[in-house]
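Below is one structure, written out as structure tokens, with a few remarks after it.
The values are calculated or read from the model by the stated rules, or taken from the named source; none is laboratory data. Model, not experiment: these values are computed from the prediction. Here the Cβ positions follow ideal geometry from the backbone for every residue, glycine too, while neighbour counts run over all protein chains shown. Accessible surface areas use protein heavy atoms only, side chains included; no ligands, DNA or RNA. Shrake-Rupley method; radii C 1.70, N 1.55, O 1.52, S 1.80 Å.
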Amino acid sequence: MKTERTAIYPGSFDPITYGHIDIIKRAVTLFDRVIVAVARNINKSPMFTEAERRELILEAVRDIPRVEVDSFSGLLVNYAQSVSAQAVIRGLRAISDFEYELQMALVNRKLDESLVTVFLMPHEKYTYLNSSIVKELAKFGGEVSCFVPPFVQEQIVKKLRDA
Ligand code: PNS
């Protein structure tokens with residue numbers, strides 16, 4: 001019997017962007033099951049609560065097969081073991097991402113030799129894109145519709161209005 005290949009795609013997802021969605025679509029071509037895992041206790045103060053971030057991801061992946069959405073706290077390697085994941089997916093946009101990503105991958109490998117980190121590159125049109133840039137743009141009235149799905153844009157605008 002073939003073992004199911006499971007990957008986790010962990011992150012803050014505050015909020016999910018087209019760059020994240022691009023990575024998820026690539027990940028499902030390689031794995032049988034992809035779990036998008038929202039980190040609960042990130043050091044930054046997030047714009048969206050964990051539940052809101054999960055909701056937005058669920059909406060964003062509704063048409064992508066074999067994707068689940070979950071959250072985790074504590075060490076990533078422990079979470080990976082708890083869901084029987086063999087791999088961690090991380091997006092690599094530019095050289096500037098590399099140092100931090102390498103450090104994280106090597107720490108995770110030290111903690112669990114069997115857990116493989118797979119780096120995927122998003123489409124080059126998303127190279128400069130991240131959630132912080134999107135929030136910053138929106139804060140100053142910039143157009144973000146080419147970076148996030150419409151329902152995410154709506155929620156960002158709502159957050160900023162209610163703040
Ligand atoms: O989207 P982000 O903020 O770059 O995601 C970073 C995240 C959440 C994947 C990373 O901080 C993480 O794995 N945190 C869990 C704690 C952990 O396992 N740390 C050890 C690896 S350095």
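Considering Arg40, Arg26, Arg33, Arg66, which residue is touching a residue at least 24 places away in the same chain (Cβ under 8 Å) and within 16 Å of the ligand (Cβ to nearest atom)? So that I can check it myself, show each step before the final result.
On the way: Arg26 fails: within 16 Å of the ligand (Cβ to nearest atom); Arg33 fails: within 16 Å of the ligand (Cβ to nearest atom); Arg66 fails: within 16 Å of the ligand (Cβ to nearest atom).
Just a single option satisfies the conditions, and that option is Arg40.
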Taking region 105-163 and the residues there that are among the polar types (S, T, N, Q) and touching a Lys or Arg at 6+ places or on another chain (Cβ under 7 Å), the one that is farthest from Ala85 (Cα to Cα) would be Thr127
Checked region 1-19 for anything more than 9 Å from the ligand (Cβ to nearest atom) and either of a type in the set (Asp, Glu) or open to solvent by 20 Å² or more (accessible area, probe 1.4 Å) (or both); matches are Met1, Lys2, Thr3, Glu4, Arg5, Tyr18
In region 63-78, anything within 15 Å of the chain's Cα centre (by Cα) and more than 12 Å from Gly11 (Cα to Cα) is listed as Ile64, Val67, Glu68
